[in-house]
Structures are given as C-alpha cells and as structure tokens.
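Structure record follows, encoded as structure tokens.
The values are calculated or read from the model by the stated rules, or taken from the named source; none is laboratory data. No experiment lies behind these values; they were computed from the predicted model shown. No Cβ is skipped: glycine too gets one built from the backbone with ideal geometry, and neighbour counts run over all protein chains shown. Side chains included, ligands, DNA and RNA excluded: accessible areas come from the protein's heavy atoms. Shrake-Rupley method; radii C 1.70, N 1.55, O 1.52, S 1.80 Å.
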Amino acid sequence: MSRYKAIQARIERSAQSCGRLAKDIRLIAVTKGRDVASITPLLDAGHRDFGENRVQEALRKWPALLKDYPDVRLHLIGPLQSNKAKDALDIFTSIHSLDRESLAQKLAAEKNAAQKEFFIQVNIGAEAQKSGIAAQRAGGFIADCKALGLNIAGLMAIPPQGRDASPYFTALAELARQNNLVGLSMGMSSDFESAIRCGTTHIRVGTGIFG
Ligand SMILES: *Cc1c(COP(=O)(O)O)cnc(C)c1O
C-alpha cells in the first residue's frame with residue numbers, strides 16, 4: 001500500500017506542476033500476474049480501476065472479486081483475439097486494444113458492446129512487431145468504429161522501449177485532438193509523469209504499485 005500511496009502522491013505532484021487536476025487522470029492498477037491477496041488491499045482502500053492483459057486470466061480472477069466490489073471498472077490493456085471478443089465484453093468495462101476492423105465488427109455484433117468504452121490502440125512508433133493501427137490510418141478507423149456504434153473514448157499507445165517517450169505521447173495527443181477524442185491511455189510505471197505533462201487521461205501502472 002505504501003507504493004500505491006507514493007504513486008498517488010506523484011500523480012498529484014505532476015498534475016499540479018503542469019496545471020492539471022489529479023482527478024482528471026485515472027490510475028489503472030495493472031494486476032496481471034498478481035493474485036487476489038495482493039489486489040484486495042487496494043479494493044478495500046477504495047481503488048476501482050484495474051487492468052488485465054489477458055482475457056482468460058481476468059475470467060479466472062475477477063468474477064469472485066466483482067461480486068464483492070460490483071462497482072469495479074476492469075480495463076483490458078492487452079491484445080484481443082477476435083474469438084475472445086464475447087468473453088472480453090462479459091467481464092471488461094473498457095477495451096484499450098481495439099486495433100483492427102475485423103475485431104471492431106466482432107465487438108459491435110455483441111449486444112452489450114453499447115455499454116462499453118473503447119480505446120483505439122495506435123502503433124505510434126511504427127514498430128514492425130507491435131500491435132496497433134498505423135497513425136496514418138487511425139482517422140479512417142475511428143470513423144469506421146463510430147459507424148459501427150462503438151463508443152470510442154480515445155487512443156491508446158505503448159511507445160518504443162528504451163527511448164524518451166514524450167515525443168510519442170505528444171504525437172498520440174495530437175492525433176486524438178485532430179479526431180476530436182479526449183481520452184488518452186498512455187503512461188506506465190516508468191513514464192507516467194511524462195504522460196501526465198502530455199495530457200494523458202488514463203495511466204496504466206503495474207510494477208510501480210505492486211513491485
Ligand atoms: C503490463 C502493462 C502495463 C504496466 O506496466 P508497468 O511497467 O508494470 O507499470 C501497462 N500497459 C500495458 C499494455 C501492459 O501490458
């Protein structure tokens with residue numbers, strides 16, 4: 001819990017230093033690989049946003065917890081296979097990895113899709129091996145997703161490793177602005193302060209909270 005409190009204090013400080021409000025930055029506690037015993041203290045402290053990167057793991061861990069804490073918001077932050085779209089919508093409130101037309105169609109066909117929010121993942125560093133739609137194609141894809149009736153909250157990205165993330169954060173923020181989207185899912189343990197300066201609305205922090 002001391003790590004969790006320290007992260008909250010850092011969010012507060014970074015927000016203040018750039019004239020933002022900490023309440024406009026949602027902290028998603030990333031619980032992939034963590035057991036229920038390490039999650040419960042956060043729930044008891046009132047934390048409600050959690051991230052998982054695998055559908056199967058979330059289905060194993062969260063239904064029991066959701067019974068006790070029904071107002072939890074679960075965010076899928078990892079890649080989603082089309083054949084898991086239905087399972088994902090059953091447990092997650094937000095999907096941060098919408099990155100292709102076939103997946104958008106699969107999701108939109110499910111009846112509970114309308115109550116969910118989606119972030120479009122952008123391959124902002126144009127890396128060959130990384131998922132995410134190319135930045136040049138994002139505008140068209142956003143329009144297609146909206147036409148399918150999906151509630152597009154914003155854009156998500158994971159910048160290239162080992163490089164200063166801020167130019168990539170700035171590029172993602174600009175792309176969102178051009179497309180009239182306000183949500184930005186960017187910033188992890190190592191770079192969330194930089195993401196806050198670049199306007200992030202959702203940071204995804206795992207090791208910073210859990211060690
Ligand atoms: C694991 C993961 C995170 C959290 O990473 P940390 O460095 O542990 O904070 C954030 N986003 C995604 C997509 C992840 O897979």
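Of the residues in the stretch 138-161, how many are within 13 Å of the ligand (Cβ to nearest atom) and without any contact (Cβ under 8 Å) to a residue 60 or more places away in the chain? Of the residues in that region, 4 qualify. In the condition set (1) within 12 Å of the ligand (Cβ to nearest atom); (2) in a loop (DSSP other than H, G, I, E, B), Arg204 is compliant with all but (2). Checked against the criterion of being free of Cβ contacts under 8 Å to residues at least 40 places away in the same chain and among the basic types (Lys, Arg), the stretch 33-43 has no qualifying residue. Here the stretch 70-99 is the region considered, the condition is being in contact with a helix residue (DSSP H, G or I) (Cβ under 9 Å, 6 or more places away or on another chain) and open to solvent by 80 Å² or more (accessible area, probe 1.4 Å), and the residue that is nearest to the ligand (Cβ to nearest atom) is Gln81. Criterion first (surrounded by fewer than 20 Cβ atoms within 10 Å (Cβ to Cβ), under 22 Å from Gly33 (Cα atoms) and within 14 Å of the ligand (Cβ to nearest atom)) does Lys67 satisfy it? No. A count restricted to the stretch 41-55 and to residues that are out of contact with any Lys or Arg (no Cβ under 6 Å at 6 or more places or on another chain), part of a helix (DSSP H, G or I) and either within 16 Å of the ligand (Cβ to nearest atom) or among the aliphatic types (A, V, I, L, M) (or both) stands at 2. Taken over the stretch 100-116, the criterion of being in contact with a Lys or Arg (Cβ under 9 Å, 6 or more places away or on another chain) and either under 24 Å from Lys130 (Cβ atoms) or surrounded by 21 or more Cβ atoms within 10 Å (Cβ to Cβ) (or both) is satisfied by Lys106, Leu107. Looking only at the stretch 7-40, residues that are touching a helix residue (DSSP H, G or I) at 6+ places or on another chain (Cβ under 9 Å) and in a helix (DSSP H, G or I) come to 17 in all.
Residues in the stretch 175-194 that are crowded, with 19+ Cβ neighbours inside 10 Å and within 11 Å of the ligand (Cβ to nearest atom): Ser185, Met186, Gly187, Met188, Asp191, Phe192.
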